[in-house]
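These notes are about the structure you will find just below.
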Amino acid sequence: MTALSPAPLAGHPAVNDFLEHGTHIFAPLVDPVAAADLLAEIRATRAFDHSLFLSEAEFDADPQYTGVNPRPGRNLLERYEDRLGFVEQAPHIVDALGALLGADYEILNRKVVCGVPQSAVPAWLRRRILGNPVNNLGAYVRPDYRDITYFYGIDFHQDLIDYRDRPADFLTLYVYLHPVGPQDAPLFLLEGSHRFGGTVFPHDLRRDGAEEWVYGDGAGRSLRTRQKVLTGPAGFAAIWHACTLHGTQPDAADHERISLRYLVARRSGRAGIDEVNAQLSGPLALPQTRVDLGADGQAVVRGNHVNMA
Ligand SMILES: O=C(O)CCC(=O)C(=O)O
């Protein structure tokens, strides 16, 4: 087991938390009333039930596994751009993002993410995705509804997974729009797992104890990491490093979980993220980030760690 020495602390609480844990959980909430208002509007755009999905015959007639996520021109949040100040201008968020990424940070991507409850996923689909590590349901969702990302759980991964050859110069900001408890597909984070830098998905993880995991870097080293389950009220917000392992279990509640997910990047100059990255003992970028998909984007690897958490 590699004993990584504690990183020297650099001042700002968000930078210190990134150095130590690869994540920072905001104590203040973003405005819960604004969150509830936005949530009501999002919920009014569609029924979060079986009607989201193609039939099995429709899907099989032309399976599309890629290009099924929100993108410019098909992203529900574009409709609410002028309503996002409660997150994007919240002083504590701006302050932490500035400390980590520099004052001129850039939003790479923002979208609505939905944890789909079991009751909404058609039986044929549940059967087909059982045991897959990444259950992003975009492929099975009717094209008109692909302006949101829908998950039925996703195994522990790094957000670097979508950015081959890009250094980990960005972070994820995640906001709950309603209270999220243990049944609502809360985020599971593995604290300190950013320290190996980029590693290839699916990750080498072994459960060891009630809330601990042993994480291997694929090159012979391993570290012990503690899982943190992010439950919280409406307006709860957290950020994590692009190499911090995180995932969700399938939504076990009788209703959908709806969140906002941002990727935010450093644009120029040195910032706290560079202090953090200087402490990593692994690659900052990867030529290949995942080996779980076939050429058509379909899962070829089975297995899931977070569902055993
Ligand atoms: O919202 C979820 O269920 C998973 C989100 C996530 O891990 C991601 O978007 O990277």
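The values are calculated or read from the model by the stated rules, or taken from the named source; none is laboratory data. What you see is a predicted model; the values in this text were computed from it and never measured. Backbone-built Cβ (ideal geometry, glycine too); neighbour counts: all protein chains shown. Heads up: the accessible areas ignore ligands, DNA and RNA and are worked out on the full protein's heavy atoms, side chains in. Shrake-Rupley method; radii C 1.70, N 1.55, O 1.52, S 1.80 Å.
For segment 68-83, the Karplus equation 6.51 cos²θ - 1.76 cosθ + 1.60, evaluated at θ = phi - 60°, returns couplings of 10, 9, x, 8, x, x, 9, 9, 3, 5, 4, 5, 10, 3, 7, 10 Hz by residue, with Gly and Pro reported as x.
Treating each Cα of the chain as an identical point scatterer and summing with the Debye formula, the log10 of I(q)/I(0) at q = 0.07 Å⁻¹ comes to -0.25.
Ordering Val301, Leu54, His178 by the projection of their Cα atoms onto the charge dipole of segment 40-308, which places +1 on the Cβ of Lys and Arg and -1 on the Cβ of Asp and Glu, puts Val301 at the extreme positive end. Alpha-carbon geometry of segment 100-179: the Rg and the Dmax are 15.3, 48 Å, given in that order.
Could you work out what % of the accessible surface of segment 40-308 is carbon and sulfur, using a 1.4 angstrom probe and leaving DNA, RNA and ligands out of the count? Could the numbers behind the result be given before it?
Details: 5270 of 10860 Å².
Whole-percent figure for carbon plus sulfur exposure: 48.
When the P(r) of segment 154-309 is calculated, the portion above 22 Å amounts to 43% of the C-alpha pairs. When only Cα pairs below 8 angstrom with a gap of at least 6 residues are kept, segment 40-308 shows a relative contact order of 30 percent. Here the sum of -39500 (n - 2.57) over DSSP H runs of 4 or more residues, divided by the residues of the chain, equals -5000 deg cm²/dmol at 222 nm, to the nearest 500. Distance from the alpha carbon centroid of segment 121-166 to that of segment 244-309 works out to 13 angstrom.
Ranked from largest to smallest solvent-accessible area, with a 1.4 Å probe on the protein heavy atoms, Lys111, Lys228 come out as Lys228, Lys111. Take segment 40-308 with all the other protein chains still there, run a 1.4 Å probe, and you get 40 Å² of accessible area per residue.
Scalar couplings 3J(HN,Hα) for segment 183-199, obtained by applying the Karplus form with A = 6.51, B = -1.76, C = 1.60 to θ = phi - 60°, are 8, 9, 6, x, 6, 9, 10, 9, 5, x, 6, 5, 5, 8, x, x, 9 Hz; x denotes Gly and Pro. Identify which of Ala219, Ala237, Ala252 has the largest mean-square fluctuation in a Gaussian network model of the chain, with springs joining Cα atoms closer than 10 Å. Among Ala219, Ala237, Ala252, the largest GNM mean-square fluctuation belongs to Ala219.
Just want to confirm a number: the relative contact order over segment 142-218, from Cα pairs under 8 angstrom separated by 6+ residues, in percent.
Numbers: 35 pairs, mean separation 20.8, N = 77.
Answer for segment 142-218 is 27 percent.
Using only alpha-carbon positions, what ratio does the radius of gyration of segment 210-291 give when scaled by 2.2 N^0.38 Å?
Values: Rg = 16.2 Å, N = 82, 2.2 N^0.38 = 11.7 Å.
That works out to 1.38 for segment 210-291.
Hull surface divided by four, with the convex hull built on the Cα atoms of segment 38-139: how many nm²?
Numbers: hull surface 34.8 nm².
The number I arrive at for segment 38-139 is 8.7 nm².
Residues considered: Pro133, Pro117, Pro72. Largest GNM mean-square fluctuation over the chain, using C-alpha springs under 10 Å, is found at Pro72. Measuring r between the beta carbons of Arg79 and Arg221 and using R0 = 45 Å, the FRET efficiency lands at 0.45.
Of Gly218, Gly138, Gly73, the residue with the greatest mean-square motion in the GNM of the chain, using alpha carbon springs below 10 Å, is Gly73. Between the amide H of Phe151 and those of Cys114, Gly115, Val116, Leu137, distances stay under 5 Å, these residues lying 5 or more places away or on another chain, with hydrogens modeled in the peptide plane.
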